[in-house]
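Trainee: Before anything else, here's the structure in question.
The values are calculated or read from the model by the stated rules, or taken from the named source; none is laboratory data. Given the structure is predicted, the values throughout are model-derived calculations rather than measurements. Heads up, the Cβs are rebuilt from the backbone with ideal geometry, glycines too, and the neighbour counts pull from every protein chain shown. The area values use the complete protein model at the heavy-atom level, side chains included, leaving out ligands, DNA and RNA. Shrake-Rupley method; radii C 1.70, N 1.55, O 1.52, S 1.80 Å.
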Amino acid sequence: MGYCIREEVLGLERYVAGKPISEVKRELGLTEVIKLASNENPLGCSPKVKQALKEAIEEACLYPDASNYELKETIAKKLAVKSSQVFCGTGSDLLIRAICSTFISPGDESIMAEVTFSRYDAGTKLMGGKSVFVPMKNHGLDVDKMVDSITAKTKIIWFCNPNNPTGTIFRKEDLERIISRIPENVIFIMDEAYIEYVTDDQYPDSISLLDKYPNLIILRTFSKAYGLASLRCGYGIANEEFTNYLNTVIGPFDVNLFAQKAAVAALKDNEYLQLVYETNRQEKEKLYIEFKRLGLDYIETNANFIMAASKLDDKLVFNELLKRGIIIRPGYLLGMPGWMRITIGTEEQNKALIKALTEILNEQALEVAN
Ligand SMILES: Cc1ncc(COP(=O)(O)O)c(C=O)c1O
């Protein structure tokens, strides 16, 4: 056809997102659907964010502030870093791509866990780089082996903490053990998309490492605990030189006006964030009890989702839940066939999930008996 699609793009696989509620309603003729598939916040965003969004309507005709001034200042104040160390983008998904565009040249390697957020791999490959996958250890990141895998070709090492999709974390002591073994010319990313949900007090404080390790980049998002997934806003913290280059790669108006205003309001509402954290913590404990009762295997999580497995095929459970109006993420799409990733919902949503799972497991047991 005469087009010159880059070889890297020809080889890319398209990301399969969690099924949207509207699609399931349309396809299955359902009126009530619960989505526990994409780790969104089931409580929604703070009432203060809603107010900020209403007020922002008046400015919809204007381009957003290309420098993200107020947002960067608010993040910097909250984290006690300089605003010149903060960069923002259309979700941390875009920031992953911006990092790959900034640092990866064809032939470079990027190291990641075998089961982790797939966008590190896609971003690496898009730039002609090669992903090096390191097997998991007890479903978590094998950080020692990840560092052992560094070669002269390594440009980036991706640490997802808590890890998506397993929900596991590595602790302070693990980071302290490996950090001095990461060469200065290898960039290490701490993707902390789920940090606000962490319950383990041994979770590492990555911000405190920024001064000592100029090769560290931290990524966070407003899509999860802050409940702003549809507004697409993520941010990163790094040394000023990296931030400068990344801001050149990121488009000037990538974070829209609504996202900027909503994110600022969200950051200022600590009380709401506490409610989100506490609800998730309590519901997680209740789900553990129910999973045990149902004989499901599960991985203890520090995020707002749980990986669980029954003896049944994950595609079958996914489809049966779908028929009952509940969307989860089947493990085969995430590199863990047999498992299912379930976002922790509200008390009501979780009860509906457990009821549906109980029904499915009983039905399947009956079928086997017959
Ligand atoms: C670990 C991790 N990083 C980054 C992202 C991207 O989030 P967003 O682009 O919505 O900020 C996700 C989304 O699921 C994630 O799980």
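Trainee: Go through 41-50, 268-277, 338-347, 61-70 and give me the packing order, highest mean Cβ count within 10 Å leading.
Mentor: 338-347, 41-50, 268-277, 61-70
Trainee: While we're looking at this one, here's another question. Quickly work out the residue 139-to-residue 181 label distance, labels modelled 7 Å from Cα along the C-beta direction, and quote it in nm with one decimal.
Mentor: The two pseudo-label positions are separated by 2.5 nm.
Trainee: Helix-only mean residue ellipticity at 222 nm, the chain, DSSP H runs n ≥ 4 weighted -39,500 (n - 2.57), per residue, nearest 500. What is it?
Mentor: Theoretical 222 nm ellipticity from helices: -12000 deg cm²/dmol.
Trainee: Contour minus end-to-end for residue 50 and residue 297, with contour as 0.36 nm per residue of separation and end-to-end as the Cα-Cα distance?
Mentor: 85.1 nm
Trainee: Enumerate lysine pairs in the range 8-83 that are 8 or more residues apart or on different chains, then count those whose Cα atoms are under 27 Å apart.
Mentor: 18
Trainee: Then there's this: In whole Hz and in residue order, list the ³J(HN,Hα) couplings for the range 66-73 that follow from phi through the Karplus curve 6.51 cos²θ - 1.76 cosθ + 1.60, θ = phi - 60°; x for Gly and Pro.
Mentor: So the J values, rounded to whole Hz, are 5, 8, 6, 3, 5, 5, 5, 4.
Trainee: Could you let me know the centre-to-centre spacing of the range 119-151 and the range 293-348, using Cα atoms, in angstrom?
Mentor: Between the Cα centres of the range 119-151 and the range 293-348 lies a distance of 25 Å.
Trainee: Say each of residue 17 and residue 271 gets a label point 7 Å from the Cα, pointing the same way as Cα to Cβ; how far apart are those two points in nm?
Mentor: For residue 17 paired with residue 271, the spin-label model returns 3.3 nm.
Trainee: Bin width 20 Å, origin at 0, all Cα-Cα pairs of the chain: what percent of pairs per bin?
Mentor: 28, 58, 14, 0
Trainee: Before I look further, what does the range 204-359 give for accessible area per residue, probe 1.4 Å, in whole square angstrom?
Mentor: That works out to 41 Å² per residue.
Trainee: Find the all-direction average of the projected area of the Cα convex hull for the range 47-268, expressing the result in square nanometres with one decimal place.
Mentor: So the Cα hull casts an average projection of 11.6 nm².
Trainee: How much of the accessible area of the chain, probe 1.4 Å, is carbon plus sulfur, in whole percent?
Mentor: Accessible surface attributable to carbon and sulfur in the chain totals 52 percent.
Trainee: If you don't mind, there's one more thing I want to ask. So for the range 201-295, Kirkwood radius off the Cα pairs, Stokes-Einstein at 25 °C and 0.890 mPa s: how many µm² s⁻¹?
Mentor: 152
Trainee: On to the next question. Let me make sure I get this right: for the range 8-146, a, b and c are the square roots of the gyration tensor eigenvalues over alpha carbons, sorted descending. Under 1.5 in a/c it's rounded, otherwise prolate if a/b > b/c, else oblate. Which is it?
Mentor: oblate
Trainee: Could you give the length gained by full extension between residue 319 and residue 8, i.e. 0.36 nm per residue of separation minus their alpha carbon distance, to one decimal place?
Mentor: My answer for the length gained is 108.6 nm.
Trainee: With r as the distance between the Cβ atoms of residue 27 and residue 60 and R0 = 45 Å, compute the FRET efficiency 1/(1 + (r/R0)^6) and round to 0.05.
Mentor: For R0 = 45 Å, the calculated efficiency reads 0.85.
Trainee: Could you work out how much longer the chain between residue 171 and residue 355 gets when fully extended? Use 0.36 nm per residue separation minus the Cα distance between them, nm to one decimal.
Mentor: The span from residue 171 to residue 355 would gain 62.7 nm if fully extended.
Trainee: Once both labels are modelled 7 Å past Cα along the beta-carbon direction, what's the residue 311-residue 114 spacing in nm?
Mentor: If labels sit at residue 311 and residue 114, their model points lie 2.5 nm apart.
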